[in-house]
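Colleague: Provided herewith is a single structure, encoded as structure tokens, for subsequent inquiry.
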Amino acid sequence: MARDADVVVVGGGVIGLAAAAALARAGREVLLLERNGGFGQETSSRNSGVIHAGLYYPSGSLKAHLCVAGREALYARCERMRIPHRRTGKLVVATTPSEVEVLERLLELGTANGAPGLEILDAAALRAREPALQALAALWSPATGIVDPDALCSSFAAEAEAHGAVLLLRSEVIAIEAGDAGFRVEVADPDRTRVRVDCAAVVNAAGLAADRVAACAGLDPDALGYRIHPCKGDYFALAPSAPLRLSTLVYPVPSGAGLGIHATLDLGGRIRFGPDAEYVERADYGVDAAKAGHFAEAAGRYLPGLRPEWLTPDQAGVRPKLAGPGEPFRDFVVAEESAAGLPGFVSCVGIESPGLTAAPAIAERVLELLC
Ligand SMILES: Cc1cc2nc3c(=O)[nH]c(=O)nc-3n(C[C@H](O)[C@H](O)[C@H](O)COP(=O)(O)OP(=O)(O)OC[C@H]3O[C@@H](n4cnc5c(N)ncnc54)[C@H](O)[C@@H]3O)c2cc1C
């Protein structure tokens, strides 16, 4: 098989771009294929933009390990490359006695995972820090922050290209055939013109389509547990005229499929509420204005007086979840597929939150798997 590239990366979200940058930096010849007209237009630009400290994930999980490793690498990268970001810190607030017990458990779990400086604040200390909040207690995480996700994606794209990677837009991978010496990848452009690329290795970083890309390479997504269950999250923005100010991120105690409707800041200081969590058949990014009442009620548990008329529909994102409705925790999959009969094929599947934070560490893991 004549080779057109050493490694083909499928998907130009933050994971594919970070992997392409790490591989190219290590001297690999990389071709990245993205089906959309721009990079990072799906989940990688439709999220809270939070650099997570690593509070929530079971100790020993890839999510815990890659979040903590990714967080440190991400802050260092942001400082080195002047990517807009801020160490805002974050409060997880408890509004009932049973939630206060959850905070104690999060303190232990987060500390074990490597989230530094965690501290429980009582109601008075919380009020002194954030007068708008009403809660019995809160967990303070000083290592949490925010980043501009688009700037982060662009930084990985620029780094990959600077090290010789070729990044192609409007290039959808429609088939992957394994041969004796690697893979033949079939690519279609918007006119459905087809091109074949031969390569030694493939990285599946196709986000919401990672199960379909796995299947088109001959892997069985159901047998491997790679079936994606899309789970939508809507956001509402707070009107700048609303009489409400926050200086940090505020999360409720986590419940259900997401982390709960939280209040985040963007780098311009704008407050957004979200995301909620709703399993859907396929990605759709419309936000139903009628949900404003529900959002005001959910966030009003810790921000009393929040009014629905202060909220306007903002963006939506869709989590590529491996756990279906009511199912237990599922970890990230970052795996080389020799055991499934595809040596040289690396799967990045189920990269939901904290995937943005973990991206630099996931990229290093991909590189290790292909060495
Ligand atoms: C609502 C929400 C909030 C979140 N908040 C945070 C947060 O605050 N902090 C955090 O750390 N993480 C957060 N996340 C998670 C984070 O956004 C994701 O983990 C991360 O963006 C995943 O990146 P990705 O590259 O895997 O996927 P994507 O960004 O979806 O990229 C996959 C790319 O693959 C392309 N593709 C698919 N199929 C093909 C094909 N056949 N051929 C070519 N290209 C293809 C797609 O077009 C897409 O561009 C959040 C996620 C959601 C949904």
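Colleague: (1) open to solvent by less than 30 Å² (accessible area, probe 1.4 Å); (2) among the small types (Gly, Ala, Ser); (3) in contact with a Gly (Cβ under 8 Å, 6 or more places away or on another chain); (4) under 30 Å from Ser241 (Cα atoms): which one isn't true of Ala263, the others all being true?
Modeller: So Ala263 meets the others, but not (3).
Colleague: Given (1) within 13 Å of the ligand (Cβ to nearest atom); (2) closer than 30 Å to Leu367 by Cβ; (3) part of a loop (DSSP other than H, G, I, E, B), identify the lone condition not met by Leu219.
Modeller: (1)
Colleague: Further question: Of the conditions (1) open to solvent by less than 10 Å² (accessible area, probe 1.4 Å); (2) in contact with a strand residue (DSSP E or B) (Cβ under 6 Å, 6 or more places away or on another chain); (3) on the phi < 0 side of the Ramachandran plot, Leu17 fails just one. Which one is it?
Modeller: Status for Leu17: all satisfied but (2).
Colleague: Would you confirm whether any residue within region 31-52 is away from the ligand (no atom under 11 Å from the Cβ) and assigned by TED's automatic domain parsing to the domain that holds Thr193?
Modeller: Going through region 31-52, the residues away from the ligand (no atom under 11 Å from the Cβ) turn out to be 31.
Filter again for assigned by TED's automatic domain parsing to the domain that holds Thr193, leaving 31.
Yes, that holds for at least one residue.
Colleague: To continue, here is another question. What pairs come out if I take residues in region 45-68 that are modelled with pLDDT of 95 or more and pair them with residues that are of a type in the set (S, T, N, Q) and open to solvent by 30 Å² or more (accessible area, probe 1.4 Å) whose C-beta lies under 6 Å away, six or more apart or interchain?
Modeller: If the second residue must be of a type in the set (S, T, N, Q) and open to solvent by 30 Å² or more (accessible area, probe 1.4 Å), the pairs left are Arg46/Gln315.
Colleague: Being more than 14 Å from Glu177 (Cα to Cα) and either open to solvent by less than 80 Å² (accessible area, probe 1.4 Å) or within 11 Å of the ligand (Cβ to nearest atom) (or both) is the filter here; which residues of region 191-210 pass it?
Modeller: Kept after step one, since they are more than 14 Å from Glu177 (Cα to Cα), are these residues of region 191-210: 191-194, 205-210.
Matches in region 191-210: Thr193, Ala205, Ala206, Gly207, Leu208, Ala209, Ala210.
Colleague: Would you mind listing the strands (runs of 3 or more DSSP E) fully within region 276-371 where at least 3 residues are within 16 Å of the ligand (Cβ to nearest atom) and either open to solvent by 30 Å² or more (accessible area, probe 1.4 Å) or touching a His at 6+ places or on another chain (Cβ under 6 Å) (or both)?
Modeller: Details: elements: 311-321, 333-337, 342-349.
Hits in region 276-371: 311-321.
Colleague: Here's a follow-up. Report the residue count in region 56-66 for those that are within 12 Å of the ligand (Cβ to nearest atom) and either assigned by TED's automatic domain parsing to the domain that holds Val102 or part of a loop (DSSP other than H, G, I, E, B) (or both). Working first, answer last.
Modeller: First, the residues of region 56-66 that are within 12 Å of the ligand (Cβ to nearest atom): 56-57, 63, 66.
Filter once more, keeping what is either assigned by TED's automatic domain parsing to the domain that holds Val102 or part of a loop (DSSP other than H, G, I, E, B) (or both): 56-57.
Summing the residues that are within 12 Å of the ligand (Cβ to nearest atom) and either assigned by TED's automatic domain parsing to the domain that holds Val102 or part of a loop (DSSP other than H, G, I, E, B) (or both) in region 56-66 gives 2.
Colleague: Looking at Lys232, Lys291, can you tell me which residue is touching a strand residue (DSSP E or B) at 6+ places or on another chain (Cβ under 8 Å) and farther than 24 Å from Arg330 by Cβ? Walk me through how you get there before you give the answer.
Modeller: Working: Lys232 fails: farther than 24 Å from Arg330 by Cβ.
Of the residues listed, the single one that is touching a strand residue (DSSP E or B) at 6+ places or on another chain (Cβ under 8 Å) and farther than 24 Å from Arg330 by Cβ is Lys291.
Colleague: Can you tell me which residue within region 67-90, out of those that are outside any helix (DSSP H, G or I) and of a type in the set (Lys, Arg), is surrounded by the fewest Cβ atoms within 10 Å (Cβ to Cβ)?
Modeller: That would be Arg82.
Colleague: Going residue by residue through region 230-241, is there one that turns out to be within 11 Å of the ligand (Cβ to nearest atom), open to solvent by less than 50 Å² (accessible area, probe 1.4 Å), assigned by TED's automatic domain parsing to the domain that holds Arg105 and part of a loop (DSSP other than H, G, I, E, B)?
Modeller: Checked region 230-241: no residue is within 11 Å of the ligand (Cβ to nearest atom), open to solvent by less than 50 Å² (accessible area, probe 1.4 Å), assigned by TED's automatic domain parsing to the domain that holds Arg105 and part of a loop (DSSP other than H, G, I, E, B).
Colleague: Only one of Val213, Val253 is within 13 Å of the ligand (Cβ to nearest atom), in contact (Cβ under 8 Å) with a residue 60 or more places away in the chain and of a type in the set (Val, Ile, Thr). Can you tell me which?
Modeller: Numbers: Val253 fails: within 13 Å of the ligand (Cβ to nearest atom).
Selected residue: Val213, the only one of Val213, Val253 that is within 13 Å of the ligand (Cβ to nearest atom), in contact (Cβ under 8 Å) with a residue 60 or more places away in the chain and of a type in the set (Val, Ile, Thr).
Colleague: If you don't mind, another one. Going through Ala124, Ala112 one at a time, which residue ends up being without any contact (Cβ under 8 Å) to a residue 24 or more places away in the chain, part of a helix (DSSP H, G or I) and farther than 26 Å from Gly317 by Cβ?
Modeller: None of the other options fit; the residue is Ala124.
Colleague: May I pose another question? Right, Ala178: over 20 Å from the mean Cα position of the chain (by Cα), more than 9 Å from the ligand (Cβ to nearest atom) and part of a helix (DSSP H, G or I) or not? Walk me through it before giving the result.
Modeller: Details: over 20 Å from the mean Cα position of the chain (by Cα): yes; more than 9 Å from the ligand (Cβ to nearest atom): yes; part of a helix (DSSP H, G or I): no.
It is false that Ala178 is over 20 Å from the mean Cα position of the chain (by Cα), more than 9 Å from the ligand (Cβ to nearest atom) and part of a helix (DSSP H, G or I).
The values are calculated or read from the model by the stated rules, or taken from the named source; none is laboratory data. All figures in this text were calculated on a predicted structure; none of them were measured in a lab. In this analysis, Cβ positions are derived from the backbone assuming ideal geometry, glycine residues included, and neighbour counts consider all displayed protein chains. Side chains are part of the model used for accessible areas, which takes the heavy atoms of the whole protein and leaves out ligands, DNA and RNA. Shrake-Rupley method; radii C 1.70, N 1.55, O 1.52, S 1.80 Å.
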